[in-house]
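Notes to accompany the following structure.
No lab work stands behind these numbers, since they all come straight from the coordinates. This structure is a prediction, so every number in the text was calculated from the model and none was measured. Neighbour counts run over all protein chains shown; Cβ positions are idealised from the backbone, glycine included.
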Amino acid sequence: MTDSRQSIHGEWGSRWAFIMAATGSAVGLGNIWRFPYVVGENGGGAFILIYLACILLIGIPVMMAEILLGRLGRQSPINTLRTLPAEHGARGGWQILGWLGVIAGFLVLSFYSVVAGWSLAYVPFMATGTFTGAETAQVEAFFNDLLQDPWQLLLWHTVFMGLTALIVLRGVQNGLERAVRLLMPLLFLLLLVMVGYGMGAGAFLDAMAFMFTPDFSALGAEAVLIAMGQAFFSLSLGLGAIMAYGSYLSSRSSIPSNSGLIAASDTIIALLAGLAVFPIVLAAGLDPGSGPGLIFVTLSYGFGQMPLGALFGTLFFLLMSFAALTSAISLMEPATAYLVENRGWQRPRAAAIVATAAWLLGIGSLLAFNLWSGFTILGLNFQELVEYFSTSIMLPLGGLLMALFAGWVLPRSVTGQELALSSPGLYRAWLVLVRYLVPAAILIVFANSAGLIG
Ligand code: TRP
């Protein structure tokens, strides 16, 4: 029975606490910063269609599997993936998947903190009216200047990582739950304000056409891999963050309905971010494929043009930084929980060590925008390499292994009881997805992309 085991780290106060924490993890830079820019780089509508298919057919079933594994194991991902195979008579070696996730967590957190630092940097810029009435060229130049200044990037990277560590070391529940409950809806409202601005002042219909008219000829060869990676990234899947959160979930809470709710909110926020960004991009003649700077340039320009823009802009970057914070803490959770369990360390010490390691790695990413911009492998600089390898390769690989584990190693009696789906047909559909479709889809996408490179 699932109730027989308890997590030494405690349990969420309620079902809503879990949903808030998991949604806080899912909604972050992935939705607001990364989604618009990868959509822009990969041609719009067709990419979004593939992305949505990935969320539905791969993301949701994998999320159910990941939460289920966490709740069954009730330990850090590494230990859960040691205990569960032993209990179900499987061979060892699955804990490598736990380690893979811990490493991916470091990689993602390292560049995540750098980008979240840009968002923090934009708060005072906005507040002092830097962009009020500015031309697009000025806004672009401003962003490029920021990237050219390693000390400033280091400052904000350090502030962000420090804040993340501070929250993790104080324990996730104190205060954070309440803050998420208030600030996430506020972020949602602000996005609506931006979409409203785009409707009035931007090229809204062009943006709708760009986002929702699939033009498969605009789809690059690697786009499917990138869409799949983005689905994993945005839903926080494949590295054990959601597994760790699942290990603190009450056994009475419904995994399928929680997963659906989290995925739906995450997807709506990403689409809204697109609807906020692209009307401005297209109206101002900016390039949708300009890469990671996209929202910093377009939204700053948009805020600079609209009434009360300095106020809305300040709020926006503040809220985005906060959304990034609630995501970053989940990236630290697998490693932190492991150190607490296996080394007997106190949480503060574990969190401080994890944050320091990711901070050091992040310095490589921030230098990739200036001093190290000349160093590239396969045409990618250090930051792009870390982002590509972790997001497009490690997360889907992690998801693939979790699906296989939940589908093939765990007995149906156990997974069936954990998921407690209302109809046997739904359970069978999930089983077919995690056993066959998800692994096959991920392998096919991998194989295709490997063919492109090799
Ligand atoms: N989902 C977050 C975002 O969209 C990023 C993130 C947090 C993440 N935790 C994760 C990505 C775990 C992958 C795995 O910004």
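For region 419-438, backbone nitrogen atoms closer than 14 Å to the point 7 Å from Ser257 Cα along Cα-to-C-beta are found at 419-423. Helices in the chain, meaning DSSP H runs of at least 4 residues, each add -39500 (n - 2.57). Divided by all residues, the mean residue ellipticity at 222 nm is -23000 deg cm²/dmol. Fewest neighbouring Cβ atoms within 10 Å first, the residues Met184, Met332, Met402 line up as Met184, Met332, Met402.
Only Lys, Arg, Asp and Glu count, each charged at its Cβ (+1, +1, -1, -1), so figure out the dipole size of region 145-230 about its Cα centre, rounded to 20 debye.
It works out to roughly 520 debye.
Mind checking the angle between helix 255-283 and the chain's longest principal axis? C-alpha axes, 0 to 90 degrees, to the nearest 10. With both axes taken from Cα atoms, the answer is about 10 degrees. Relative to the dominant Cα principal axis of the chain, helix 136-147 is inclined by about 50°.
Taking only Cα atoms, what is the 0 to 90° angle, nearest 10, from helix 176-201's long axis to the longest principal axis of the chain? So the helix axis and the longest Cα principal axis differ by about 40 degrees. About its Cα centre, the dipole of the chain is roughly 1600 debye, where the only charges are +1 on Lys and Arg Cβ and -1 on Asp and Glu Cβ.
Fewest first, what order do Thr128, Thr164, Thr267 take by the number of other Cβ atoms within 10 Å? The partial results should precede the final answer.
Numbers: Thr128 11, Thr164 27, Thr267 21.
Ranking Thr128, Thr164, Thr267 by Cβ neighbours within 10 Å, fewest first, gives Thr128, Thr267, Thr164.
Please compute the length gained on full extension between Glu135 and Ser422, using 0.36 nm multiplied by the number of residues separating them and subtracting their Cα-Cα distance. Provide the component values of the computation, followed by the final result.
Details: separation 287, 0.36 × 287 = 103.32 nm, distance 5.59 nm.
Working it through step by step, the gained length comes to 97.7 nm.
A Förster radius of 35 Å combined with the Cβ-Cβ distance from Ala127 to Val432 puts the calculated FRET efficiency at roughly 0.10. Ordered by the count of other Cβ atoms within 10 Å of each Cβ, fewest first, Leu72, Leu308, Leu319 give Leu308, Leu319, Leu72.
For the pair Ala86 and Val159, a Förster radius of 45 Å applied to the C-beta separation gives a FRET efficiency near 0.55, rounded to the nearest 0.05. A dipole drawn for region 15-449 from +1 and -1 charges on Cβ atoms has a positive end, and of Gly425, Phe312, Ala137 the residue lying farthest that way is Gly425.
In the chain, once you exclude exposed trypsin sites (Lys or Arg not before Pro) (DSSP loop, at most 13 other Cβ within 10 angstrom), what's the longest stretch remaining? With a cap of 13 other Cβ atoms within 10 Å, the longest stretch comes to 253-454. Positive-end ranking of Val27, Ala450, Ile50 along the dipole of the chain, with charges on Cβ about the Cα centre, is headed by Val27. Rounded to 0.05, the FRET efficiency of the Leu205 and Asn144 pair, given R0 = 41 Å and the Cβ-Cβ distance, is 0.85.
Annotation: extensible slack from Phe375 through Leu189 equals 62.8 nm (criterion: 0.36 nm per residue apart, minus Cα-Cα distance).
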